[in-house]
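Take a look at the structure set out below.
The numbers here are math on the coordinates, done by the rules we state, and not lab data. This is a predicted model, so every value here is computed, not measured. Neighbour counts are summed over all protein chains in view; Cβ atoms, including those assigned to glycine, are modelled from backbone coordinates with ideal geometry.
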There are 2 protein chains.
Amino acid sequence: MKIKYTLLKQDKNSNARYGTLKTNYGTYETPMFMPVGTLANVKTLTTDELKDMNSAVILANTYHLWLRPSEEVIAHAGGLHAFMNYDGPILTDSGGFQVFSLAKNKKKDIVEEGVHFKSHLDGRKLLLTPELSIQIQNKLDSDIAMSFDECPPASADYTYMENSVKRTLRWAKRGKDAHQNERQSLFGIVQGGVFEDLRRYSALETVKLDFDGYSIGGVANDGESKEDMYHAIDYSIPYLPKDKPRYLMGVGEPVDILEGIERGIDMFDCVLPTRIARHGNAFTKNGRMNLKNLKFKEDFTPIEEDCDCYTCKHYTKAYIRHLVVSGETLGGRLLSIHNIRFLIRLTEEAREAIKKDNFVNFKEKFIEQYTK
Amino acid sequence: MKIKYTLLKQDKNSNARYGTLKTNYGTYETPMFMPVGTLANVKTLTTDELKDMNSAVILANTYHLWLRPSEEVIAHAGGLHAFMNYDGPILTDSGGFQVFSLAKNKKKDIVEEGVHFKSHLDGRKLLLTPELSIQIQNKLDSDIAMSFDECPPASADYTYMENSVKRTLRWAKRGKDAHQNERQSLFGIVQGGVFEDLRRYSALETVKLDFDGYSIGGVANDGESKEDMYHAIDYSIPYLPKDKPRYLMGVGEPVDILEGIERGIDMFDCVLPTRIARHGNAFTKNGRMNLKNLKFKEDFTPIEEDCDCYTCKHYTKAYIRHLVVSGETLGGRLLSIHNIRFLIRLTEEAREAIKKDNFVNFKEKFIEQYTK
């Protein structure tokens, strides 16, 4: 079945909203943070561990899975859920972002049909089109598929961005027409960069195509400022229907998640919690903590005393520091568990605050402590 | 308290024996396989996962922990058990093997006092002595400490080996005199290379020093043949007391474990299950399986249908192959779980066979299938 969003509570003092998302694999509360499993695994973690963190939707990546192991292999496994052993909802991105970001320093050719580019694995020439992206996602059998969009750099000028927004709309229509999986929902993506009228135009026209949900893209590219991101949300949100979920793509800094929630976003994803974990860093209420720091050498307390994650219940900063400094993979794994749980818990607390019309206060207090 | 070995059943058709090892952290059956946690973690795994595999004693490495994070840090944590969150028994090796193997291609100077060598991390000049090795192990507070021994190469001639065996005996005595941890047992190590009379001499003289257990060393160096290893056991075992555990150091190939058990060995350790896992390989009853093999691309069955490990209960060969081929750490983690459980289960099955006086038959059938 298609997902169904239900708005349960609108915060009195902001656009923040509390709701539920009914999926093929259960009903989950929003706002939610979605861990990223690019290659059909959230790096170093099992899906049982994700469920222990109270995960809901998780992501997988169309571009990467298309190249390896291929959508055919995953279809023969019975779809992504069976392949990666996850009985929760899965969202696949369209591959659009990867085509543009992985091919960043390489030649790529954007034409009306799609994007010609070279595989980041072996340099093989490839063409990804809106139809092919949807066909791959149909076969992956995720619960939510994303439209194939162009992701221009933050520095793109108005003329480029206007043409790009129009092409993305034509691609969205083509993808929707090609979509053929009744149990899979399809989201449209609002683009338009930093230009208010282009964001409005993109939102209005995308909504006319009637998707199951809407995401705001082009906010997590290199070179965008936080203000650009917040403006992009502000410019787009007013034109999105209240009865559909809104997804801010690629955003996972705690402060940005709260800024997004305040503006009416329901869903977030980001590789940040696992990426900073691999570099020895942890999210904490007092900002990021670098476990490599010498001061943790004999700190036999958890990363956060009041954290309910597996890592904080079983391991100390001194031990994790030892693992990280020694290059032991278990260090990054333990930090990934903490960091993902940190973001999921942040959204859980945000939901409680919204229910009490206390979100703005909650957000300000969190940011004050986090950035102090 | 010191460990206590109890011999419960002597196989009628071989030297294989079934017994129990009482430790500070429970009583466990032998023969046993001991997973190796060099840097106070079995690579990629939590201690809860090790317990799920029915682990008993696990290893940690004196040399590595001395350099990082230091025995002082671990002592301040409350010892190795608290530091790494393992409430099962821990054995620490002496550092002797590492001094010789890691410094293999570097200058080292073996003198009566100990071994002068350079750190493999930063080239710092270090001196490890029998007393220092024991002092470090006392502070690590493992349940079983090992004597500091010289580990000559397999190619050493008789004269070198004779002098080395005598030095190792003097070092064993010095280490025993320096040992000061009442809850920690201390094992002596039999050396002597491929020479029958030196193995006998080493065993007889080591036993005179009255250790809590005995290990057979110098069997897992580079360049030793399997026959050399089996002979080394045969030459040593007759002189070891029946009421003390016998530990074959560094051996973890399934066939070698069974050959060791047949000859009267109670304890085994090896990095093999985690090392081959990192390279995409699994132990199976039909020999090693390379998951990178193209034939597993769409094999949606577990590594072994009848395996009770977490990996085989949740994941398919096709998925693990995808992870391994894509360089995802989770692949090595899932294979490590399977491989360690495989060796632990092998010893469990060996124990059942010994109880029924059926060990030789069990061994022959296993080897026939494994090497076919």
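Looking at the protein assembly as shown, what % of its DSSP beta bridges pair antiparallel, to the nearest 5?
Numbers: 42 of 88 bridges.
Rounded to the nearest five, the antiparallel share is 50 percent.
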Item to check | Diffusion coefficient, µm² s⁻¹, Stokes-Einstein with Kirkwood Rh over alpha-carbon pairs of the range A:327-372 at 25 °C and 0.890 mPa s | outcome: 203 µm²/s
Checklist outcome for this item: Two pseudo-spin positions, 7 Å from Cα along C-beta at A:GLU349 and at B:ASP87, lie apart in nanometres by 3.0 nm
Checklist entry - Which shape class applies to the range B:252-291: rounded if a/c is under 1.5, otherwise prolate when a/b exceeds b/c and oblate if not, where a ≥ b ≥ c are the square roots of the Cα gyration tensor eigenvalues? => result oblate
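What is the count of Lys pairs in the range B:98-152 whose alpha carbons sit under 16 Å apart, if the two are 8 or more places apart or on different chains?
Values: B:LYS104/B:LYS118; B:LYS104/B:LYS125; B:LYS106/B:LYS118; B:LYS106/B:LYS125; B:LYS107/B:LYS118; B:LYS107/B:LYS125; B:LYS108/B:LYS118; B:LYS108/B:LYS125.
The number of close lysine pairs in the range B:98-152 is 8.
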Checklist entry - Can you sort B:LYS355, B:LYS372 by how many other beta carbons sit within 10 Å, fewest first? => result B:LYS372, B:LYS355
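On a full-extension model of 0.36 nm per residue, what is the gain between A:LYS108 and A:ASP157, subtracting their alpha-carbon distance, rounded to one decimal in nm?
Numbers: separation 49, 0.36 × 49 = 17.64 nm, distance 1.88 nm.
Difference between extended and current length: 15.8 nm.
Of all beta bridges DSSP finds with both residues in chain A, what is the antiparallel percent, to the nearest 5? It would help to have the intermediate numbers written out before the result.
Values: 21 of 44 bridges.
Looking only at bridges with both residues in chain A, the antiparallel portion is about 50 percent.
Could you tell me which of the pairs A:LYS226/A:LYS285; A:LYS2/A:LYS226; A:LYS22/A:LYS242; A:LYS2/A:LYS365 are separated by over 26 angstrom between their Cα atoms in the structure shown?
Cα-Cα > 26 Å for A:LYS2/A:LYS226; A:LYS2/A:LYS365; rest within.
Return the average number of partner chain Cβ atoms within 10 angstrom of each residue Cβ along peptide B:314-323.
Working: counts 4, 5, 5, 0, 6, 10, 0, 2, 12, 5.
Across the residues of B:314-323, the mean count of other-chain Cβ atoms within 10 Å is 5.
If you take the Cα Rg of the range B:1-121 and divide it by 2.2 N^0.38 Å, with N the number of residues, what do you get? Please list the in-between numbers first.
Details: Rg = 17.2 Å, N = 121, 2.2 N^0.38 = 13.6 Å.
The range B:1-121 yields a ratio of 1.26.
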Checklist entry - Roughly what would the spin-label model give for A:ASN358 and A:HIS314, points 7 Å off Cα along C-beta, in nm? => result 3.3 nm
Checklist entry - If we sort B:120-126, B:241-247, B:335-341, B:54-60 on the protection proxy, mean other Cβ atoms within 10 Å, highest first, what's the order? => result B:335-341, B:54-60, B:241-247, B:120-126
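Based on Cα coordinates alone, diagonalise the gyration tensor for the protein assembly as shown, multiply each eigenvalue by 5, take square roots, and list the semi-axes in whole Å, largest first.
On the way: eigenvalues 647, 148, 98 Å².
Computed over the protein assembly as shown, the values are 57, 27, 22 Å.
Above 19 angstrom, tally the Cα pairs of the range B:271-372 and express them as a % of all pairs, no decimals.
On the way: 2178 of 5151 pairs.
The share of Cα pairs beyond 19 Å in the range B:271-372 comes to 42 percent.
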Next on the checklist: Bin width 10 Å, origin at 0, all Cα-Cα pairs of chain B: what percent of pairs per bin?
Outcome noted: 5, 24, 33, 26, 10, 1
Next on the checklist: Binning at 10 angstrom from zero up to the longest distance, how are the C-alpha pair distances of the range B:162-239 distributed in percent?
Outcome noted: 20, 49, 25, 5
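According to the square roots a ≥ b ≥ c of the eigenvalues of the Cα gyration tensor, what is the shape class of the range A:199-305, taking rounded for a/c under 1.5, prolate for a/b larger than b/c otherwise, and oblate for the remainder?
Working: a/c = 3.20, a/b = 2.75, b/c = 1.17.
Prolate, since a/c reaches 1.5 and a/b exceeds b/c.
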Checklist entry - From the square roots a ≥ b ≥ c of the eigenvalues of the alpha-carbon gyration tensor of the range B:74-217, which class results: rounded (a/c under 1.5), prolate (a/b over b/c), or oblate? => result oblate
